[in-house]
Amino acid sequence: ITLNPIGTVKVRGERVFLEILPEFAPALQGLGDFSHVWVFYWFHGNDRPEERATLEVHPRRDPANPLTGVFATRAPVRPNLIGFTSCRILKVEGNVVEVADLDALDGSPLLDLKPYIPQGDSTPQAVTPEWVKRISKRPEE
């Protein structure tokens, strides 16, 4: 498997930009018609053998949460360091997409963008463990 980045995350103060490589700019056509986008990126800050070997964590780095397999968490440490976040699209201009709510670091390689489509991306009847319910009730979450 070979992954070829399509661009890079650029963080400038409070603003976050997805700088798409010029050869992929035509793929942005129509993205501005959506309010949100799934951003897939590489956790480049964790790309070390020991981080890839981590298979269990306490979710949210909170020891009050049970030791859980990384496939059952959103932890950035995992065998393949793929991150994804649903982000609000603020502006699409040329080969740059300005977004809000992205938790990627400056310089993170972008792997893909996919529009958020509520009919397929929302699952109201989804079930989660107790630790997820507990963190979603916190005011800062």
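The values are calculated or read from the model by the stated rules, or taken from the named source; none is laboratory data. Bear in mind the structure is a predicted one, so any value in this text is a computation, not a measurement. Ideal geometry is used to build each Cβ from the backbone, glycine not excepted, and the neighbour counts take in all protein chains shown. Note: accessible area is taken over every heavy atom of the protein model, side chains too, but ligands, DNA and RNA are not part of it. Shrake-Rupley method; radii C 1.70, N 1.55, O 1.52, S 1.80 Å.
Against the set (i) 145; (ii) 121; (iii) 137, the structure's computed volume of the Cα convex hull per residue in Å³ falls on (i). Dividing the mean sequence gap of close Cα pairs (under 8 Å, 6+ apart) by how many residues the stretch 1-120 holds gives a relative contact order of 41 percent. Computed over protein heavy atoms with a 1.4 Å probe, the carbon and sulfur contribution to the accessible area of the stretch 23-141 reaches 55%. Computed with every protein chain present, the accessible area of K10 is close to 50 Å² [probe 1.4 Å].
With a probe of 1.4 Å, find how much accessible area the chain has per residue, and write the answer as a whole number in Å².
Numbers: 9190 Å² over 141 residues.
Result: 65 Å² per residue.
Against the criterion of solvent-accessible heavy-atom surface with a 1.4 angstrom probe, T2, T73 sort, most first, into T2, T73.
So how much slack lies between T85 and D112, counting 0.36 nm per residue of separation and subtracting their Cα-Cα distance, in nm? Intermediate values should be presented prior to the final figure.
Working: separation 27, 0.36 × 27 = 9.72 nm, distance 1.12 nm.
Extra length from T85 to D112 when fully extended: 8.6 nm.
Could you give the dipole magnitude of the chain about its Cα centre, charging the beta-carbon of Lys and Arg +1 and that of Asp and Glu -1, in debye to the nearest 20? Spell out each step's value before the answer.
On the way: 16 positive and 19 negative charges, 74 e Å.
The calculated dipole for the chain is roughly 360 debye.
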